[in-house]
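The values are calculated or read from the model by the stated rules, or taken from the named source; none is laboratory data. What you see is a predicted model; the values in this text were computed from it and never measured. Using ideal geometry, Cβ is built from the backbone for each residue, glycine included, and neighbour counts are taken over all protein chains shown.
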Amino acid sequence: MGAITLSVPNELKHEMDKVDWINWSSIARRAFVTALKDTIRLEAIKKAREISEIKDDERNFNKEYEKELLKITKGSRGKVQTVEGFNKWCESI
């Protein structure tokens, strides 16, 4: 397994040391995984926007779609919305 060094403020480290039963490395790993999954989802949304035929005056709609897509995909175990899925979703509303 790879290793990284993470810096935190001294006050935070002091408080973390008081709670020695928590595996802080595990907490950090989960946070990194979550951040990476969110980044992958947002990149997929960006690509869908780039290849879609949504006009500039419809961008607000697209931003609402992004919010909904993030809600929908939160529990999808990393599955990314396809363009076809996006089009079906657009037709359903």
(request) Among the residues of the range 10-27, count how many are closer than 30 Å to Leu70 by Cβ and either at pLDDT below 90 or not hydrophobic (A, V, I, L, M, F, W, C) (or both). (result) 3
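Of the residues Glu84, Glu58, which is more than 17 Å from the chain's Cα centre (by Cα) and modelled with pLDDT under 65?
Of Glu84, Glu58, the one residue that is more than 17 Å from the chain's Cα centre (by Cα) and modelled with pLDDT under 65 is Glu58.
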(request) Identify the single condition in (1) of a type in the set (A, V, I, L, M, F, W, C); (2) at pLDDT 90 or above; (3) touching a helix residue (DSSP H, G or I) at 6+ places or on another chain (Cβ under 8 Å) that Ile45 does not satisfy, given that it satisfies every other one. (result) (2)
